Amino acid sequence: MEPAIPRYAVVTGAAGGIGQAIVREFTQAGYSVIATDIAEQPAGLRCSLYLQVDLARTVSDEAYAQDVFYQIKAHLGPQGLTTLINNAAIQILGSADSLTRDDWHKTLDVNLLAPFLWTQGLLPELERSRGSVVNISSIHARLTKKNFVAYATSKAALSGMTRSMAVDLGPRVRINAIEPAAIATDMLIAGFDDKSMLFRELEACHPLNRIGSTQEVASCALAMVQGMGEFLHGACISLDGGIGVRLFDPI
């Protein structure tokens, strides 16, 4: 029996709650995971290779980006890259009259331009394996609230880019997105310290009466890559516990 062909996954934003869950999920599924983040490797996070990378700098500094891509490509086998998970994001809150040019540049560099340029930079390796890309977008691509102008705009553009790139790339590489609602990351939970009633209200807003888990995002990403079939292309999947279809009219 011939040995199984190794599968490789690149995950950006790997040090965050969702990122770590994705790394674990793909590692457990037998992938060699190349994890990247601007932060140091979290204790206990197992992966094939961890690269401490400034994602925003890969947008502004082409030589730096090419060096990062070279390190990734040097680690891949001859069959190429199986999947790229563009997970990293920043969330700068501010109103329409307070957001600065710097706020916009930082948000769009990390949340929109980096996913495009990383997909472009690794495209030959993705094509070699007939691989796929998963962009972690957000419910804010469709529904938002006050002070999320920059973040919501970047995620709406990311979902739109996912659909457009599916048309542009055709059968060469599949590309899809996940649009999660509230997910129980450590950062979100910490924001509700001493605010248990507000947290229960947040849960109750979702028809499932709870928020999502990082594991559910990771499982969805893996399913999009290998479990839903090759006909899934250009899709933006809502992972929101039903909140995206709920009408909040006054009674």
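Rule-based calculations on the coordinates, nothing more; no lab input. From a predicted model like this one, the values you see are computed outputs, not experimental measurements. Cβ coordinates were reconstructed from backbone atoms using ideal geometry, including for glycine residues, and neighbour counts include every protein chain displayed.
Results, tabulated for the structure shown:
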{"quantity": "Likely footprinting exposure, Phe192, Phe26, Phe248, fewest C-beta neighbours within 10 Å first", "calculated": "Phe248, Phe192, Phe26"}
{"quantity": "Of the DSSP H helices in the chain, those whose Cα atoms cover at least 24 Å axially and whose Kyte score averages 0.0 or more", "calculated": "149-169"}
{"quantity": "Per-selection Kirkwood Rh - the chain (Cα, Å, 1 d.p.)", "calculated": "18.7"}
{"quantity": "When segment 97-145 is reduced to its Cα atoms, the Kirkwood hydrodynamic radius in Å", "calculated": "13.0"}
{"quantity": "Estimated distance in nm for a label pair at Arg163 and Asn147, the labels positioned 7 Å out from Cα along Cα-to-Cβ", "calculated": "3.0"}
{"quantity": "Segment 127-199: radius of gyration and largest Cα-Cα distance (Dmax), Å", "calculated": "16.1, 51"}
{"quantity": "Rg to Rh quotient for segment 112-251, alpha carbon positions, Kirkwood Rh", "calculated": "1.02"}
{"quantity": "Expected 222 nm ellipticity per residue - DSSP helices of 4 or more, -39500 (n - 2.57), all of the chain, to 500", "calculated": "-11500 deg cm²/dmol"}
{"quantity": "Magnitude of the charge dipole, the chain, Cβ model with Lys/Arg +1 and Asp/Glu -1, debye to 20", "calculated": "480"}
{"quantity": "Label-point separation, Asp61 to Leu198 (7 Å along Cα→Cβ), nm", "calculated": "3.7"}
{"quantity": "Kirkwood-based shape ratio for segment 31-145, expressed as Rg/Rh from alpha carbons", "calculated": "1.00"}
